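Contents: one structure, followed by commentary.
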Amino acid sequence: MPEQLVPRAVVLGGSLAGLLAADVLAEIYPEVLVVDRDELAGVTGPRRGVPHGRHAHGLVARGQQILEKQFPGLLNDLEAAGIRPGDFSGDIRWYFNGMLLRQARTGLLSVPCTRPVIERIVRSRVQKVSHIRFLEQHDIVGLETTADKGRVTGVRVQRHDGSAGVEVLPADLVIDTTGRGSRTPAWLEELGYSRPAEDKVKVDLAYTTRHFRVSSDPFGSDIAIIAAATPSHPRGALYYRQPGDDGLVELSLTGVLGDYPPVDHEGFLEFVRSVPVPEIYESVRAAEPVDDAVMFRFPASVRRRYEQLSRFPEGLLVMGDAVCSFNPVYAQGMAVAAIESQILAAQLRKNAVPRPQEFFQKIAREIDSPWDFAAIADLGYAGVEGPRTAKVRMINAYIARLQRAAVHDASLTNAFMRVAGLIDEPAALLRPGRVLRTFRRSGRPAPTPLVAARD
Ligand SMILES: Cc1cc2nc3c(=O)[nH]c(=O)nc-3n(C[C@H](O)[C@H](O)[C@H](O)COP(=O)(O)OP(=O)(O)OC[C@H]3O[C@@H](n4cnc5c(N)ncnc54)[C@H](O)[C@@H]3O)c2cc1C
């Protein structure tokens with residue numbers, strides 16, 4: 001416990017990153033206040049402030065491990081809510097370019113969680129902490145600072161329905177987790193600081209998601225069927241079993257560079273048919289739709305380089321999608337938010353008001369690999385703007401080969417999934433033994449994609 005007794009931390013945004021931040025702050029702060037414009041308590045379904053919550057989400061291995069450590073027994077809670085976690089490779093059918101990677105038990109868990117369910121379950125844990133309070137249906141309108149603007153001293157909030165005036169919430173530490181629409185860059189400018197530089201990868205992606213009830217189980221012992229989008233087959237599909245055993249399934253279709261999966265029934269099915277994994281189309285073509293399809297557009301991945309700023313006010317940090325909003329097809333956002341919450345915990349143990357520059361530098365080091373992994377893969381699409389260095393071209397050619405080889409070689413599937421699950425650094429794929437296996441096995445003809453190969 002630090003020497004100084006600090007009365008209050010305020011978290012802006014009560015979604016996943018905000019909940020994780022609040023839980024960590026509560027280890028140090030006697031009062032933690034989470035502000036969100038939405039109603040949160042008792043909410044079980046998608047909500048307005050998290051429109052992406054209607055679309056398929058998977059929590060990858062590293063995120064699952066951190067969440068389980070932070071909230072022991074969380075996996076049991078998720079299972080009790082009907083979610084079925086499974087092995088990241090052994091229980092998921094991963095298709096690349098219509099070819100099924102050889103399934104292998106990695107020992108790593110993936111949680112194909114509907115986004116509202118995981119948020120509700122994490123929130124219910126956080127709500128049990130008596131000194132964490134939620135201020136719901138309040139918009140965050142600005143920051144309060146000292147006269148010299150060197151330190152943030154609180155936030156200004158207002159009831160979402162405008163029924164009351166602006167209220168000031170004093171705070172020793174403010175953490176912005178308001179997602180990709182975060183206003184911190186604008187607030188910094190208003191206060192006389194520079195905005196952070198932004199790296200962008202313009203993928204012009206859309207998810208279109210619909211739920212169906214299927215009469216025969218397409219998954220068997222598996223938990224998901226994933227047709228990963230690639231430059232040669234850019235249409236993707238994330239097909240997940242839903243909580244409960246009543247045949248409810250979730251299908252998110254993904255299209256890049258303006259090729260948006262349609263929301264109308266025929267257009268949606270036609271798009272599914274064009275995904276090079278016939279078993280998904282066969283499963284839903286005659287299934288009963290249980291809702292209308294909804295679309296979410298994602299113009300670009302955005303990384304805000306707070307670590308490069310030389311001046312930043314004390315008493316303010318930024319986390320989660322507000323710092324880095326990853327291309328969602330790589331399923332990195334929640335796991336990276338979890339990693340950042342661990343860094344926050346370590347920083348808080350040193351100082352109840354962590355030094356912003358140190359915090360941003362530490363999280364930047366963790367963001368580097370997943371960001372590069374996704375950005376390099378996205379540059380494989382001819383229409384995505386950006387410099388295609390020799391390194392980018394070499395890595396993309398190699399990864400495509402590795403995916404071909406992994407159709408025959410479970411150890412390569414395993415290696416790839418350890419990187420995708422944020423357990424290993426991407427450099428692990430370049431170990432000499434793996435390169436050799438990749439080159440040896442990638443020339444072999446692929447088996448028929450409909451037959452699941454397992455080790
Ligand atoms: C289509 C899609 C699919 C995805 N799939 C995956 C996946 O499979 N795996 C994965 O790990 N990640 C995935 N992600 C990313 C993941 O959803 C986020 O990383 C995760 O939700 C953490 O986000 P966050 O808490 O930082 O912000 P958000 O979830 O965006 O939450 C921001 C919160 O701030 C509140 N807020 C915003 N502005 C204000 C304001 N002015 N006043 C008051 N409240 C405000 C909102 O109501 C909301 O509660 C996906 C993202 C998208 C878009």
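The test for being within 15 Å of the ligand (Cβ to nearest atom), surrounded by fewer than 24 Cβ atoms within 10 Å (Cβ to Cβ) and over 30 Å from residue 173 (Cα atoms) does not hold for residue 40. The residue pairs whose first member lies in region 214-238 and is over 23 Å from residue 87 (Cβ atoms) and touching a residue at least 40 places away in the same chain (Cβ under 8 Å), whose second member is among the small types (Gly, Ala, Ser) and part of a strand (DSSP E or B), and whose beta carbons are closer than 6 Å, counting only pairs six or more residues apart or on different chains, are 235/255. Identification of strands (runs of 3 or more DSSP E) wholly contained in region 138-210 with 1 or more residues that are in contact with a Gly (Cβ under 7 Å, 6 or more places away or on another chain), touching a residue at least 12 places away in the same chain (Cβ under 8 Å) and within 15 Å of the ligand (Cβ to nearest atom) yields 152-159, 167-170, 173-176. Of all the residues in region 71-95, those that are within 15 Å of the ligand (Cβ to nearest atom) and touching a Ser or Thr at 6+ places or on another chain (Cβ under 8 Å) number 6.
One residue stands out among those in region 207-248 that are surrounded by fewer than 21 Cβ atoms within 10 Å (Cβ to Cβ) and touching a Phe, Trp or Tyr at 6+ places or on another chain (Cβ under 7 Å): the one that is farthest from residue 328 (Cα to Cα), which is 231. Taking the conditions (1) at pLDDT 95 or above; (2) within 15 Å of the ligand (Cβ to nearest atom); (3) surrounded by 23 or more Cβ atoms within 10 Å (Cβ to Cβ) in turn, residue 110 satisfies each one other than (1). Among the residues of region 44-57, those identified as within 10 Å of the ligand (Cβ to nearest atom) and out of contact with any strand residue (DSSP E or B) (no Cβ under 7 Å at 6 or more places or on another chain) are 47, 48, 49, 50, 53, 57.
Here 9, 17 are screened, and the one residue that is surrounded by 18 or more Cβ atoms within 10 Å (Cβ to Cβ), within 14 Å of the ligand (Cβ to nearest atom) and within 30 Å of residue 153 (Cβ to Cβ) is 17.
Within the option set 382, 377, being more than 30 Å from residue 170 (Cβ to Cβ), surrounded by 22 or more Cβ atoms within 10 Å (Cβ to Cβ) and over 14 Å from the mean Cα position of the chain (by Cα) holds for one residue only, 377.
The values are calculated or read from the model by the stated rules, or taken from the named source; none is laboratory data. Since this is a predicted model, take the numbers as computed values, not measurements. A quick note on method: Cβ atoms are made from the backbone with ideal geometry, for glycine too, and the neighbour counts reach across all protein chains shown.
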